[in-house]
Structures are given as structure tokens and as C-alpha cells.
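The structure under discussion appears below in the form of C-alpha cells.
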Amino acid sequence: MLALNLAFMVVWTVLDPMYWKRTQSCGSDEFTSYGACFVGKGEMSTFMVSMVAAVNFSAVILATVQAFKARQINTAFSESSYVALAMGSILQVFLVSAPLTLLVHDNPPATFFVLSGIITVVCLSVLLFIFAPKVHAHLSSVDPESKLTRESL
């Protein structure tokens with residue numbers, strides 16, 4: 001998946017790179033403007049966005065299938081419920097953030113804030129749903145006085 005994403009991004013950058021566009025704000029003087037990077041102007045950008053989205057969406061589908069297959073594994077070794085919770089939280093973030101991003105696309109500071117919030121919430125939700133149960137299990141199995149695990153006693 002990493003190799004495919006890297007290949008698609010390199011081809012996209014070489015064939016149809018992003019471009020910088022400076023825009024005057026509506027109703028302002030000639031000195032007030034803002035700039036932003038935009039996706040390339042050709043059809044190659046549309047194709048590459050769809051290819052990257054297809055690769056990443058297929059990874060989510062494969063993870064869902066594997067989590068479904070592993071649902072009967074002993075709870076001590078099973079993470080399928082946590083993977084499902086992480087994917088559900090990502091879906092919630094994207095359902096809320098898509099219209100919000102469309103609403104603020106004309107305001108660069110608001111766009112930056114919304115996109116930063118999306119990245120933060122997605123990363124934290126994945127990390128917390130995957131690692132918080134492991135940390136909790138580790139801390140609950142350690143005896144604070146002897147520093148030995150209960151299983152080793």
C-alpha cells in the first residue's frame with residue numbers, strides 16, 4: 001500500500017503538479033490577498049486522486065474483512081472490536097468534516113483550523129482505540145510493589 005501510494009504521488013507530481021494561486025479578497029483593497037495550492041489543472045490529477053482513494057479505501061475494506069474474520073478469537077488476542085471502533089470514528093469524522101470543509105473553503109484560517117482538527121482527531125482516535133486497551137491491560141496486570149506480572153506468579 002505504501003509503495004502504491006508513493007508511486008501514484010510521484011507520478012502525479014511529475015505529470016500534473018500542484019500550482020500556487022493568489023486571490024484578492026472580495027471587497028478589499030488591492031493589498032489584501034491570500035494564496036493557496038491547488039490540485040493540477042489536467043485530467044491526470046482527477047485520475048490520480050481516484051487511484052489514491054481506491055488504494056486507501058481498499059485497505060480499509062481489507063482491514064474490515066480481517067477484523068470480521070478475527071471476531072471469534074480470544075479477547076486477550078483480539079483487536080477486531082477496537083479496529084472497528086477506530087474505523088467507525090474515522091467515518092464519523094469524515095461525515096462531519098466533509099460539509100464543514102465545504103463551508104469554510106473560502107476562509108484560509110478557518111480551512112487550516114478545520115483540516116488540522118480533522119487530522120488530529122483521526123490520528124488520536126486510531127492511536128487511542130488501538131493502544132489504550134493495551135496500556136490498560138498492561139497496567140492492570142502489573143503489581144506495583146513487586147513489579148512482577150500476575151501471570152508470572
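The values are calculated or read from the model by the stated rules, or taken from the named source; none is laboratory data. Keep in mind that what you see is a predicted model, and the values were worked out from it rather than measured. A quick note on method: Cβ atoms are made from the backbone with ideal geometry, for glycine too, and the neighbour counts reach across all protein chains shown. What goes into the accessible areas is simple: the full protein's heavy atoms, side chains included, and nothing from ligands, DNA or RNA. Shrake-Rupley method; radii C 1.70, N 1.55, O 1.52, S 1.80 Å.
Observations on the structure shown:
- Filter result (touching a residue at least 24 places away in the same chain (Cβ under 8 Å) and closer than 21 Å to A110 by Cβ) within region 24-67: Y34, A36
- A67 assigned to a helix (DSSP H, G or I) and hydrophobic (A, V, I, L, M, F, W, C): yes
- E30 closer than 22 Å to F131 by Cβ and acidic (D, E): no
- Region 138-153, residues that are at pLDDT below 65 and open to solvent by less than 70 Å² (accessible area, probe 1.4 Å): V142, D143, S146, T149
- Single unsatisfied condition, G40 versus (1) open to solvent by less than 40 Å² (accessible area, probe 1.4 Å); (2) farther than 22 Å from L6 by Cβ; (3) outside any helix (DSSP H, G or I): (2)
- For region 111-137, a residue qualifies if it is of a type outside the set (A, V, I, L, M), loosely packed, with under 15 Cβ neighbours inside 10 Å and farther than 18 Å from Y82 by Cα, and the qualifying residues are F112, F113, S116, G117, T120.
- Residue match in region 28-36 (condition: modelled with pLDDT of 80 or more and either open to solvent by 80 Å² or more (accessible area, probe 1.4 Å) or closer than 30 Å to L85 by Cα (or both)): no
- Filtered by the rule that a residue be closer than 16 Å to P133 by Cα, at pLDDT below 85 and surrounded by 12 or more Cβ atoms within 10 Å (Cβ to Cβ), region 63-86 gives S78, E79, S80, S81, Y82, V83, A84, L85.
- Test: residue in region 93-110 that is over 26 Å from A70 (Cα atoms), without any contact (Cβ under 8 Å) to a residue 24 or more places away in the chain, surrounded by 16 or more Cβ atoms within 10 Å (Cβ to Cβ) and among the hydroxyl-bearing types (S, T, Y): yes
- From V122, V60, residue being part of a helix (DSSP H, G or I) and modelled with pLDDT under 80: V60
- When V14 is tested against (1) modelled with pLDDT under 90; (2) loosely packed, with under 13 Cβ neighbours inside 10 Å; (3) in a helix (DSSP H, G or I), only condition (1) is not met.
- Selection from region 93-106 of residues that are over 10 Å from V122 (Cβ atoms) and either part of a helix (DSSP H, G or I) or of a type in the set (F, W, Y) (or both): L95, V96, A98, P99, L100, T101, L102, L103
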